[in-house]
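The values are calculated or read from the model by the stated rules, or taken from the named source; none is laboratory data. No experiment lies behind these values; they were computed from the predicted model shown. Here the Cβ is made from the backbone with ideal geometry for all residues, glycine too, and neighbour counts use every protein chain on show. To get the accessible areas, we keep the full protein, side chains included, count just its heavy atoms, and leave off ligands, DNA and RNA. Shrake-Rupley method; radii C 1.70, N 1.55, O 1.52, S 1.80 Å.
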Amino acid sequence: MHKTEPYRSPAMAGGLFAIERDFFFELGLYDPGLQIWGGENFEISYKIWQCGGKLLFVPCSRVGHIYRLHGWAGNPPPAYVGSSPTLKNYVRVVEVWWDEYADYFYASRPETKAMAYGDITPLKKFREEHHCKSFKWFMEEIAYDIPEHYPLPAKNIEWGEIRGHETDYCIDSMGHTNGGFVELGPCHRMGGNQLFRINEGNQLMQYDQCLTRGADGSKVMITHCNMNVYKEWQYIKTLHRFTHIPTGKCLDRSEVLHQVFISDCDSAKTSQKWEMNNLLAV
């Protein structure tokens with residue numbers, strides 16, 4: 001048995017969307033400050049719910065989606081857009097609609113804190129004039145089960161690149177997830193695979209992935225985690241040291257083998273000294 005009745009959803013995918021024309025104009029359409037693509041589906045979802053509408057999934061609907069030719073990689077963005085239009089869009093949406101919950105976004109994406117997102121004064125005015133509800137209301141009444149499956153992130157203690165102290169080598173996930181090993185590579189200060197954070201829950205993370213001890217008991221792997229697992233790390237900034245709490249060992253590296261692992265702590269070993277340097281997206 002499958003339900004055929006429409007049901008509520010907190011948000012949606014951007015390409016599968018139908019709305020009454022008059023209501024769309026009443027909502028002010030999409031935010032004109034969003035660039036290229038990314039974030040517009042969240043923006044319209046929050047706007048609909050918080051400003052008096054409903055967003056429904058309709059199981060028996062049929063949507064035609066025209067795909068571009070196979071192999072088409074997209075037109076290059078105009079020069080004025082910059083390097084991270086999607087991230088900028090997310091920041092803009094968060095600043096308009098998330099209220100105090102914005103702190104949770106910045107906990108997960110700290111590199112966006114200084115990112116310019118343009119003038120949002122008209123959007124704030126729209127919220128005020130239309131008596132749109134708070135994001136707290138949205139989380140408690142509409143997206144009430146989201147934190148059960150995706151717990152809100154703990155506050156960060158430090159974040160940025162993890163660089164070997166006074167070296168040009170950084171820990172790099174190499175794009176590995178869900179059980180791959182992190183490695184040591186030249187620091188590039190571009191974030192991405194070299195952007196990590198350590199939070200008050202003693203988790204050393206990259207996006208939704210945590211660093212933990214591998215099956216061999218030594219190498220450091222990266223794997224998916226929630227807020228209740230892999231609480232394994234302590235960063236002692238004054239000593240430039242990461243301690244693996246369950247074993248009492250220290251984060252170590254080999255610049256020759258490009259490996260990252262844990263070993264017995266030795267204050268004389270320079271390979272166990274690290275620094276975390278903030279990186280900002282532009």
Zone of residue 225 (label point 7 Å along Cα→Cβ, backbone N under 16 Å): which residues in segment 254-272?
-> 261-262
With no solvent and one equal point scatterer placed on each C-alpha of segment 108-149, evaluate the Debye formula and give log10 I(q)/I(0) for q = 0.18, 0.19, 0.26 Å⁻¹, two decimals.
-> -0.83, -0.87, -0.88
With every protein chain kept in place and a 1.4 Å probe, the residues 91, 63 fall, from largest accessible area down, as 63, 91
The distance between the Cα centres of segment 167-198 and segment 42-104, in whole Å, is 28 Å
Report Rg/Rh for segment 163-209, rounded to two decimals, where Rg is the Cα radius of gyration and Rh the Kirkwood radius.
-> 0.96
Ranked from highest to lowest mean number of other Cβ atoms within 10 Å per residue, what is the order of the peptides 247-258, 144-155?
-> 247-258, 144-155
Where 198, 236, 36 fall by accessible area, highest first, once all protein chains stay in place (1.4 Å) = 36, 236, 198
Solvent-accessible heavy-atom area per residue, rounded to whole Å², over segment 1-110 at 1.4 Å | 66 Å²
For residue 12, the accessible surface traced by a 1.4 Å probe with all protein chains present amounts, in square angstrom to the nearest 10, to 20 Å²
Relative contact order (percent) for segment 1-125, with alpha-carbon contacts under 8 angstrom and 6 or more residues of separation?
-> 30 percent
Span per principal axis, largest first, for the Cα atoms of segment 56-116 (Å) | 38, 36, 18
The chain, Gaussian network, Cα under 10 Å: of 61, 267, 45, the residue fluctuating most is 61
Amide H neighbours of residue 162 under 5 Å, at least 5 residues apart or on other chains, H built in the peptide plane: list them.
-> 171, 196
Check residue 259: other-chain or 5+ apart residues with amide H under 5 Å from its amide H, H built from backbone geometry?
-> 184, 254
Between the DSSP loop rule and a limit of at most 15 other Cβ atoms within 10 Å, which chymotrypsin sites (Phe, Trp or Tyr not before Pro) in segment 27-116 are left?
-> 30, 37, 67, 72
On the first, second and third principal axes, largest extent first, how far apart are the outermost C-alpha atoms of segment 1-106 in Å?
-> 49, 42, 30
Here, residue 133 and residue 263, labelled 7 Å along Cα→Cβ, have an inter-label distance in nm of 5.7 nm
Put 40, 20 in order of accessible area, largest first, probe 1.4 Å, and you get 20, 40
Just grab the label-to-label distance for residue 181 and residue 68, each label 7 Å out from Cα along the Cβ direction, in nm (one decimal).
-> 3.8 nm
Of the trypsin sites (Lys or Arg not before Pro) in segment 30-83, those whose Cβ has at most 11 other Cβ within 10 Å and which sit in DSSP loop = 54, 62, 68
Let me see the pair-distance distribution of segment 131-278: every alpha carbon pair, 10 Å bin width, integer percents in order.
-> 11, 40, 30, 11, 6, 1, 0
